[in-house]
Amino acid sequence: MTRSKLNYILIFFFFNLSNIFAQNKVDHAINYCEKQALNTLKSIPNDSLNIPRSIAEGEYNWRFVDYRDWCSGFWPGTLWYLFEGTHNPKFKTSADKFSRELSPLSMQKAFDHDLGFQIFNSFGNGYRLTGNEEYKKVILATADTLATLFNPKVGTILSWPRAVPNMEWPQHNTIIDNMINLEMLFWASKNGGSKRLYDIAVSHALVTMKNHFRSDYTSYHAVVYDKATGKKIKGVTHQGYADNSMWARGQSWAIYGYTMCYRETKNPLFLDFAQKVTDTYLKDLPPDLIPYWDFNDPGIPNVPRDASAAAVVASALLELSTLVKEPSKASMYREKAETMLSSLSSDAYQSRTTNNAFLLHSTGHKPAGSEIDAAIIYADYYYIEALLRLKKLKIGKSIYAPI
Ligand code: GLY
């Protein structure tokens, strides 16, 4: 037996003994999500503004957006995950319908980098589960569109091709969130798209690794580059507390993004970096492991949490726990992920009868006063993704195999 196989078996046994978040609790949480989503489906308006995005604190009804919104892919993606987790055909029909609403994005000029969040979460999950060739065409066309934002002088994708405060437009800006959209480029390059898409994704990840992080591995939200020379001009925030603070969701995008980059490239630099940005994040969490919206807000503990960052990190750590080489590190990441999911599944964070989302207490854009302590669709998406990943691990499957 090879050493890695032995490690895998030891880790499998260890976790199925440790049971921080037991399999019946995972199943219960998936059933809960099914019930909430079926209620949401009943509340969808017959309108082009029909994609659930968020529910303000203290309110019951979703705010709906259309396909152009950066969050438009999370709802169809959530429905695809629910189809995978429950095999309820109603979810397949709705996931297909809501995914198709996003098709125009594959034919239009890029509005910004969010195309991966939009098209890969929807059509990407749909293709993974059905093999529908129409979905594949949409993903391939959109990956090419995303690639039009790549600036070879800088080596990264232009995240916001428009004037945004503090970004010195028309200079080049890149935000840490953009790491997630690389997954669609990696996928496209392996599934009939150009090899250049892979090179763009690798370049973006390497240049971001060099310029986007402080010496303690905390991330800037945005970096502005000279678009002609590629020189870094400055690191700043947009949604965080301050230019030098660690905005929780920004760090969660880095953790998820570099874990995914290692999966796609097997470049050990990415695995090492994923662990560095993760270990920095894990150092300073409250006891329930759900972060405050920004780690450096001086008002902590009297400031909002961000359940969405916790859901993103829980999902990423489940993957990272299967990729790291040292069993002690793997078990630490798995344990943290299970604790995060256990907290998120408690009455402190699940929406239950408050509204039909899965989770409360996410923070969207605090400096703009928007979606503070709210239910937000991307928290739900990464929560159900993480629950399915954990279920697969508990039954001895790879997180990449369908249930
Ligand atoms: N990508 C925007 C956000 O994380 O809020």
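Each value in this text was obtained by applying a stated rule to the coordinates, not by laboratory testing. As the structure is a prediction and not an experimental result, all values here were calculated from the model. Please note: Cβ atoms are built from the backbone with ideal geometry, for glycine as well, and neighbour counts cover all protein chains shown.
Data overview
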{"quantity": "Residues (of a type in the set (Lys, Arg), part of a helix (DSSP H, G or I) and either over 16 Å from Ser321 (Cα atoms) or within 16 Å of the ligand (Cβ to nearest atom) (or both)) located in segment 260-308", "calculated": "Lys283"}
{"quantity": "Segment 234-263 residues that are at negative phi, paired with ones that are of a type in the set (Lys, Arg) and within 11 Å of the ligand (Cβ to nearest atom) (beta carbon under 8 Å, 6 or more apart)", "calculated": "Gln239/Arg249; Gln239/Lys366; Tyr241/Lys366"}
{"quantity": "Selection from segment 108-142 of residues that are within 16 Å of the ligand (Cβ to nearest atom) and among the β-branched types (Val, Ile, Thr)", "calculated": "Ile119"}
{"quantity": "Some residue of segment 190-200 being within 20 Å of the chain's Cα centre (by Cα), surrounded by fewer than 21 Cβ atoms within 10 Å (Cβ to Cβ) and either within 16 Å of the ligand (Cβ to nearest atom) or not β-branched (Val, Ile, Thr) (or both)", "calculated": "yes"}
{"quantity": "Residue ranges of helices (runs of 4 or more DSSP H) in segment 77-190 with at least 2 members in contact with a Gly (Cβ under 8 Å, 6 or more places away or on another chain)", "calculated": "89-100, 133-147, 182-190"}
{"quantity": "Count of segment 42-76 residues which are among the aromatic types (Phe, Trp, Tyr) and assigned to a loop (DSSP other than H, G, I, E, B)", "calculated": "4"}
{"quantity": "Residues that are near the ligand (Cβ under 9 Å from one of its atoms) and hydroxyl-bearing (Ser, Thr, Tyr), drawn from segment 245-255", "calculated": "Ser252"}
{"quantity": "Some residue of segment 353-371 being surrounded by fewer than 24 Cβ atoms within 10 Å (Cβ to Cβ), away from the ligand (no atom under 13 Å from the Cβ), without any contact (Cβ under 8 Å) to a residue 12 or more places away in the chain and part of a loop (DSSP other than H, G, I, E, B)", "calculated": "yes"}
{"quantity": "Filter pass, Tyr382 being surrounded by 20 or more Cβ atoms within 10 Å (Cβ to Cβ) and over 16 Å from the mean Cα position of the chain (by Cα)", "calculated": "no"}
{"quantity": "Segment 283-299: number of residues that are free of Cβ contacts under 8 Å to residues at least 60 places away in the same chain and either within 17 Å of Ser252 (Cβ to Cβ) or surrounded by 23 or more Cβ atoms within 10 Å (Cβ to Cβ) (or both)", "calculated": "9"}
{"quantity": "Output for segment 222-244, where each listed residue is of a type in the set (Gly, Ala, Ser), within 15 Å of the ligand (Cβ to nearest atom) and part of a loop (DSSP other than H, G, I, E, B)", "calculated": "Gly240"}
{"quantity": "Hits in segment 65-78 (condition: closer than 19 Å to Val312 by Cβ and either without any contact (Cβ under 8 Å) to a residue 40 or more places away in the chain or more than 16 Å from the ligand (Cβ to nearest atom) (or both))", "calculated": "Asp69, Pro76, Thr78"}
